[in-house]
1. Tell me, please, whether a residue that is within 15 Å of the ligand (Cβ to nearest atom) and closer than 30 Å to LEU194 by Cα can be found in the stretch 75-82.
2. Looking at LEU223, LEU194, LEU198, which is the one that is modelled with pLDDT of 95 or more and within 16 Å of the ligand (Cβ to nearest atom)?
3. Just to be sure I understand, how many residues within the stretch 42-63 are open to solvent by 30 Å² or more (accessible area, probe 1.4 Å) and closer than 22 Å to THR247 by Cα?
4. Test LEU258 against the stated conditions and say whether it is open to solvent by 10 Å² or more (accessible area, probe 1.4 Å) and more than 16 Å from the ligand (Cβ to nearest atom).
5. Sort through PRO215, PRO210 and tell me the only one that's open to solvent by 40 Å² or more (accessible area, probe 1.4 Å) and within 16 Å of the ligand (Cβ to nearest atom).
6. Only one of GLU66, GLU84, GLU92 is open to solvent by less than 10 Å² (accessible area, probe 1.4 Å) and of a type outside the set (A, V, I, L, M, F, W, C); which?
7. Among the residues of the stretch 101-122, is any of a type in the set (Val, Ile, Thr) and closer than 26 Å to GLY195 by Cα?
8. Might you check whether a residue that is modelled with pLDDT of 95 or more and closer than 26 Å to GLU16 by Cβ occurs anywhere in the stretch 182-189?
Amino acid sequence: MFDAHNHLNDPRLLPEVEALLARMEEAGVRGALVVGTDVPTSHTAVALARRYPGVLAAAVGMHPHESSGLDDDALAALAALAREPEVVALGEIGLDYHYDHSPRPVQREAFRRQLGVAAACGLPIVLHEREAVEDMTAILDAEGGWVLGGVWHCCSTSPETALAIAERLYVGIAGWITFPKGENIRALARAVPLGRLLLETDAPYITPVPHRGHPNEPAYVRLTAEALAAVKETTLDEVAARTTANTLAAFPRWAARLSHDEGAFDG
Ligand SMILES: [Zn+2]
């Protein structure tokens, strides 16, 4: 089982990383992707992946909230980081029209420019989208973004849209699936084949039931896996094995590093 998206680089989690990784291992979670949201957190994601090479990998990118900060220097810094061996994806990048922390045209330009970095580095993408499906899809169409591969992280679209996304990218399922009010996420998870789903925590955010009120952590991805198994009317083992295979297929450089380090592995 993998946590395909978290922010162990967040100041709320970073001081506790040793303990969090120990709990992750106890919960049967064998790896976690640490995702950057700006240049400093991308640097930290790479440093963590370097410190724990068999367990952690990094994604680097400027979150849509931070798009206003993507000047030429920041883009060059991300492009340099993207070439580090610990980096397996470009992200998280995309559009957020719910919070609008950066103006929408600035978000779109930052998204386009970072898709260019991903293409130049041959990296898959980790997409963040809130209330922006149409513009996101249009930019991915125009820029050839779909062929990069990767994941539509914490997907919260309609089941129909998720199914269309799943034809070209993996669909990330987060702790929302455990919420009493998470019926839309359960419907989405029911619609998309298990072979196209990834498990994510987005820690420290989106803490699953029954740990609401506390920061999320990678070990809790197991709760999301259990909820997904219930939705799919299958076993936890099946969900763990399938989503593990999906994670490694979504991020080929991570798979290559793990198989190089350790030989064969299972879920
Ligand atoms: Zn995130």
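The values are calculated or read from the model by the stated rules, or taken from the named source; none is laboratory data. Because the structure is predicted, anything quoted here is derived from the model rather than measured. Glycine also receives a Cβ, built like all others from the backbone with ideal geometry; neighbour counts cover every protein chain displayed. Surface accessibility is based on the protein's heavy atoms, side chains included, excluding ligands, DNA and RNA. Shrake-Rupley method; radii C 1.70, N 1.55, O 1.52, S 1.80 Å.
1. no
2. Just one listed residue meets the conditions, LEU198.
3. 7
4. no
5. That would be PRO215, the only listed residue that is open to solvent by 40 Å² or more (accessible area, probe 1.4 Å) and within 16 Å of the ligand (Cβ to nearest atom).
6. Answer to the check: GLU92.
7. Checked against the condition, which is being of a type in the set (Val, Ile, Thr) and closer than 26 Å to GLY195 by Cα, the stretch 101-122 yields no hits at all.
8. The answer is no, given that none of the residues of the stretch 182-189 is modelled with pLDDT of 95 or more and closer than 26 Å to GLU16 by Cβ.
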